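Every number here is computed from the coordinates shown, using simple stated rules; none is lab data. This one's a predicted model, so the numbers in the text were calculated from it and none came from an experiment. A quick note on method: Cβ atoms are made from the backbone with ideal geometry, for glycine too, and the neighbour counts reach across all protein chains shown.
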Number of protein chains: 2
Amino acid sequence: MARQKKQQRPKAQTPKGFRDCFGTEVAERNRMLSRIAEVYHRYGFDPLESPAVETVESLGKFLPDVDRPNEGVFAWQDDDDATWLALRYDLTAPLARVYAQHRNELPTPYRRYAMGPVWRNEKPGPGRFRQFYQCDADTVGSSSPAADAEICAMLADTLESVGVPRGEYIVRINNRKVLNGVMEVAGILDPSEPERFATERGIVLRAVDKLDRLGPQGVRALLGEGRKDESGDFTSGARLSDDQADTVMRFVEAGRQDMAATVTRLRGLTSGSETGTLGVSELETIGESLDLQGYGADRIRIDPSVVRGLAYYTGPVFEAELTFDITDDQGRQRQFGSVAGGGRYDDLVKRFTGQEVPATGISIGVDRLLAALQARGSANRAATGPVLVTVMDRDRLGDYQAMVTELRNAGVRAEMYLGNPKNFGGQLRYADRRDCPLAIIQGSDERKRNCVIVKNLALGKRLAAEITSNEEWKNQPAQQEVARADLVAEVLNSIDAAERMQQADI
Amino acid sequence: MARQKKQQRPKAQTPKGFRDCFGTEVAERNRMLSRIAEVYHRYGFDPLESPAVETVESLGKFLPDVDRPNEGVFAWQDDDDATWLALRYDLTAPLARVYAQHRNELPTPYRRYAMGPVWRNEKPGPGRFRQFYQCDADTVGSSSPAADAEICAMLADTLESVGVPRGEYIVRINNRKVLNGVMEVAGILDPSEPERFATERGIVLRAVDKLDRLGPQGVRALLGEGRKDESGDFTSGARLSDDQADTVMRFVEAGRQDMAATVTRLRGLTSGSETGTLGVSELETIGESLDLQGYGADRIRIDPSVVRGLAYYTGPVFEAELTFDITDDQGRQRQFGSVAGGGRYDDLVKRFTGQEVPATGISIGVDRLLAALQARGSANRAATGPVLVTVMDRDRLGDYQAMVTELRNAGVRAEMYLGNPKNFGGQLRYADRRDCPLAIIQGSDERKRNCVIVKNLALGKRLAAEITSNEEWKNQPAQQEVARADLVAEVLNSIDAAERMQQADI
């Protein structure tokens, strides 16, 4: 009886595939976003913030490999007028809608950047979230390869500005037109019959995309009869002839350190195809522009094996890969892989307006990039916790509060303990959990002598951890008494010292 | 026939009630958010970012005046397990869920701030959006009035830090318990029969909430028989007796400049009610703490007429109001009104855990605050446009690009014109639209002499606008030729001068 009367309580649980981000992680991501925004701003890009919600109609259907209802988006019908609404799945589809809607008021070309969460209605899994951050930059209204080159240069600058050292990333460029040209030459794409061999071409694209994982022999097998993997599963191939497969393989392996050398090889491989030749000269112009700006093969490279998944790319495609090793969950060393991708999509605005509007851009996977920097150990240091003014005598909250106010007015992050002050150990455990650098203590004894104790918690931890005492530390006791009037000066002093110590750690 | 074949194009339109935010507005809001975050951080609050999507069950139903399906939220059923999901309608309900879910890992008290969009499924109207920003700070796990005082002090500091001068805002504090005590004394609330007179109390609450708009006589009428407005419409009143209505009116008008005086009056009005007496002493403690910290009646005041709409408040409630006049759409002078509100909600976490967890906090309506600062003319100046390197000779893109790269490397926001360069007038119109401070020009003539023209567009606009020439400007021609090698130095110089000129404008 009593049980039935009991009201059922809601479950305190994030929905499946969603997660909460706390203090340090939020702060690190915000710092990364503002550094990215600084670079984008310097390049002349303007911020745009479109709503999280769009009509399903205007978002369109461009997500790859979708096996879910609603094409992988979270969608519902509006109570107001029965329109189908959905959460955006990327920042590019909304940009096309924004540009089509506001094109008369926007400058042309329109350089914009956008950062924020996007949502994918995918089956949740470990490390696979249904809400994640993207950070995009796009130039709408310019067909010039200089626009593509600018995007790639900016991507390289951005990676360095968030803490990826030169030499530990590579921006790779390819062109869908070159690949199409090679497939024309190999006889598996006929511009007058675009639907013919579509299945074969699909298999070729997916095979090329797997070069990193399968190696050249694996790709070659998939171009022919097919391939058996380690588990014994067999994947059917594209069943190209040996000649055809060899042509595709020569393309895949055409990349050279030197852009000019790569271009020469690609020109040979697409000879006779108008599309292919156009694609190669676009790559050449991009390459020359980057060369002039000083972006060499240590930063940006033409790589014919780059294939991006999204259906809307029409020309150059870009990908940024981190090349340093990290240790994965199974303890294996591996490269981190792709953290950004993009390309030219000349038909996306046309969906709305009927007129072709050239556009090119890049999307950075902010959460992946942050995870990579954390794995490398080069994420920005998180801010430290506040200085904690402890409560020894609960009738003198006003005195403690006054200390906090003085500290805050001096720009110091500080707070008074607001929990139950009965148990002093609880206050120190709280300080530990908050990562407080200092605790301020004033019992009745200190009060009488008009002084306070400044307890250096960071130093205390260090001293406790390291048994062998260091001469320098002997002169830095973890706890000292100072006159009440000197509180602010002493705290500023101690925090500076703690920061210097941290710097020395890095 | 041809018409039928034509594919239907999607409409390029934001969904009803949603909007796009462009350059300046996004930048101003971000600047405001980071200033708010700075203050919150200094007070010891940590950032939290929970997902936009929550289960409907955990969000609960706390929105006031909802006449829509799904209680005013955007909701849908998850494909995965048929759970009802919804977009968050505020940042407080998710905080309660987060704290209940992670309470074993979080410090207690837990001070957190959160900023981001929230969504309301309301009927869209002019100036009424279905997605808007909130910026919240809350302390969970402390029942101390010092926590409420801290929130109010922080709110005052925050308003000043984003550009509201002292004296042009007021933070008003009240306590739900005091109002309940007054209603007990007036005989319209009986703690042993809480449901009795619920209708009357609802009318009283709504009437008190309208004091600003209706004045004391209007409120008094609504406490009695009712009130006829200017249009002749009649609103039924609470039908209190004269004695009862007078008691409520004495409460509503009990506010004095001096907190202590207000407290004394309130103590008299709630005499005999345990709840009321407790509420008054909470207000007194908050008032004393703020006094000690130097927050006088010019910044924070006890005001018994403050009633907040949300159903979950259990004690102190807060509201921040801007007191400067703005000109509204009809050209009338009026005060801007409320930009932030909050209070103590001790039962919200209990919904999940069954144990009472005290909590108090504030929510700033960022979009409203930004609109107010814009209306007052004190929003932060937006960043200027980029320096535009124009394209005179399309065979020399590399030269122009090199100029841009040099400028960017020197930290100057710069870009090359990426549109069709045929029409030079079009390039200058683009520069005008982008609000570019300078344009760089190098035709074949300048190229031969190895120099460039630096055109000061901002100065040019000013010279064109003002007929009477100023001596100073005669020495500042809007256009000058400099050696190619001096480009960066000259641009840095001109931008500094332009900024100084702008400063002088403010």
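Counting other beta carbons within 10 Å of each residue's own, what order do A:Ile302, A:Ile170 fall into, fewest first?
The most exposed by this proxy come first: A:Ile170, A:Ile302.
In whole Å, how far is the Cα centre of the range A:224-240 from that of the range B:140-167?
Each part's Cα centre sits 66 Å from the other's.
One-quarter of the Cα convex hull surface for chain A, in nm²?
35.8
Nearest 500 deg cm²/dmol is fine: what mean residue ellipticity at 222 nm does chain B get from its DSSP H runs of n ≥ 4 alone, each adding -39,500 (n - 2.57), divided by its residue count?
So the calculated ellipticity at 222 nm is -12500 deg cm²/dmol.
What is the mean number of Cβ atoms from other protein chains located within 10 Å of the Cβ atom of each residue in peptide B:49-61, rounded to a whole number?
6
Could you give the length gained by full extension between B:Asp80 and B:Asp445, i.e. 0.36 nm per residue of separation minus their alpha carbon distance, to one decimal place?
Between B:Asp80 and B:Asp445, full extension yields an extra 124.6 nm.
Below 8 Å between Cα atoms, with a sequence gap of 6+, how large is the relative contact order for chain A in percent?
14
Hey, what did the range A:106-200 get for relative contact order, percent, Cα under 8 Å, at least 6 apart?
Reported as a whole number, the value is 19 percent.
Between B:Asp496 and A:Glu406, what FRET efficiency comes out of the Förster formula 1/(1 + (r/R0)^6) with R0 = 56 Å and r the beta carbon distance, rounded to 0.05?
Computed FRET efficiency for A:Glu406 and B:Asp496: 0.90.
So what's Rg/Rh here for the range B:361-444, counting alpha carbon atoms and using the Kirkwood radius for Rh?
1.21
Output the 0 to 90 degree angle, nearest 10, between the alpha-carbon long axis of helix B:487-505 and the longest principal axis computed from the alpha carbons of chain B.
40
Would you mind counting up the charge near B:Arg301? Only other residues with Cβ under 12 Å from its Cβ, with Lys and Arg at +1 and Asp and Glu at -1.
Residues close to B:Arg301 contribute a combined charge of -3.
In Å and whole numbers, how far do the C-alpha atoms of the protein assembly as shown stretch along each principal axis, longest first?
For the protein assembly as shown, the Cα extents along the three principal axes come out at 98, 78, 67 Å.
Please give the average number of partner chain Cβ atoms lying within 10 Å of the Cβ of each residue in B:16-23, rounded to a whole number.
Other-chain Cβ atoms within 10 Å of each residue's Cβ, averaged: 6.
Counting other Cβ atoms within 10 Å, which trypsin sites (Lys or Arg not before Pro) in the range A:290-344 have at most 10 and lie in a DSSP loop?
A:Arg332
Alpha carbon centre of the range A:271-288 versus the range B:298-367: separation in Å?
If you average the Cα positions of each part, the centres end up 62 Å apart.
Across peptide B:109-118, how many C-beta atoms of other chains are within 10 Å of each residue C-beta, on average?
Rounded to a whole number, the mean comes out at 3.
Using the number of other C-beta atoms within 10 angstrom as an exposure proxy, rank B:Met403, B:Met154 with the fewest first.
B:Met403, B:Met154
To the nearest 10 degrees, how steep is helix B:145-161 against the longest Cα principal axis of chain B, on a 0 to 90 scale?
30
Kindly give Rg over Rh for the range A:314-405, based on alpha-carbon atoms, with the Kirkwood expression for the hydrodynamic radius.
For the range A:314-405, the value is 1.37.
How much length is gained on full extension from B:Ala371 to B:Asp346, taking 0.36 nm per residue of separation minus their Cα-Cα distance?
Value of the extension gain: 5.8 nm.
Kindly provide the GluC sites (Glu not before Pro) of the range B:355-430 that DSSP labels as loop, not H, G, I, E or B, and whose Cβ sees at most 14 other Cβ atoms within 10 Å.
Sparse-neighbourhood loop GluC sites (Glu not before Pro): B:Glu356.
For a quick check: sort A:Asp393, B:Asp367 by the number of other beta carbons within 10 angstrom, fewest at the front.
Ascending number of Cβ neighbours within 10 Å: A:Asp393, B:Asp367.
Relative to the longest principal axis of the C-alpha atoms of chain B, give the angle of the C-alpha long axis of helix B:198-209, reported between 0 and 90° and rounded to the nearest 10°.
Approximately 40 degrees, to the nearest 10.
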